[in-house]
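Q: Have a look at this one.
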């Protein structure tokens with residue numbers, strides 16, 4: 001129960017912080033950054049937060065429903081620019097996929113290069129003995 005209280009209190013406080021400072025970043029993003037920094041400083045995830053987060057992750061699709069409703073309302077209010085919004089959505093999806101593929105290829109390239117260097121080092125060690 002303490003994990004739930006900690007997580008939700010952090011999200012409520014970060015939302016309050018956003019409203020007080022009038023910055024243009026969602027409170028949930030600030031809460032996630034604070035939570036990430038907390039875990040980095042702490043060096044591990046406390047057991048109560050870990051068990052609470054596992055339970056929340058099981059029901060993650062239910063948390064996405066309000067986002068879908070918000071998108072639907074956005075489309076209703078922008079009927080005159082619906083085609084443009086759909087075009088931008090499709091283009092951003094394509095761009096996101098391309099960036100993801102490029103990132104994966106880059107990581108694979110460097111991993112193969114590192115693996116090849118390790119293999120060469122091991123071969124050199126064996127030959128020098």
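The values are calculated or read from the model by the stated rules, or taken from the named source; none is laboratory data. As the structure is a prediction and not an experimental result, all values here were calculated from the model. FYI the Cβ positions are ideal-geometry reconstructions off the backbone, even for glycines, and counts take in every protein chain you see.
Q: Among 91, 111, which is modelled with pLDDT under 90, surrounded by 10 or more Cβ atoms within 10 Å (Cβ to Cβ) and farther than 27 Å from residue 28 by Cβ?
A: The match here is 111.
Q: For residues that are surrounded by 10 or more Cβ atoms within 10 Å (Cβ to Cβ) and either modelled with pLDDT of 85 or more or under 19 Å from the mean Cα position of the chain (by Cα) (or both), tally how many sit in the stretch 47-76.
A: Here the count works out to 11.
Q: Can you tell me how many residues within the stretch 8-27 are within 19 Å of residue 57 (Cβ to Cβ) and in contact with a helix residue (DSSP H, G or I) (Cβ under 6 Å, 6 or more places away or on another chain)?
A: Here the count works out to 2.
Q: Still on this structure, please answer the following. So, in the stretch 10-35, how many residues would count as being over 16 Å from residue 46 (Cα atoms) and either in contact with a strand residue (DSSP E or B) (Cβ under 8 Å, 6 or more places away or on another chain) or part of a helix (DSSP H, G or I) (or both)?
A: 17
Q: Checking residue 79 against (1) more than 17 Å from the chain's Cα centre (by Cα); (2) more than 19 Å from residue 2 (Cβ to Cβ); (3) at pLDDT 70 or above, which test does it fail?
A: (3)
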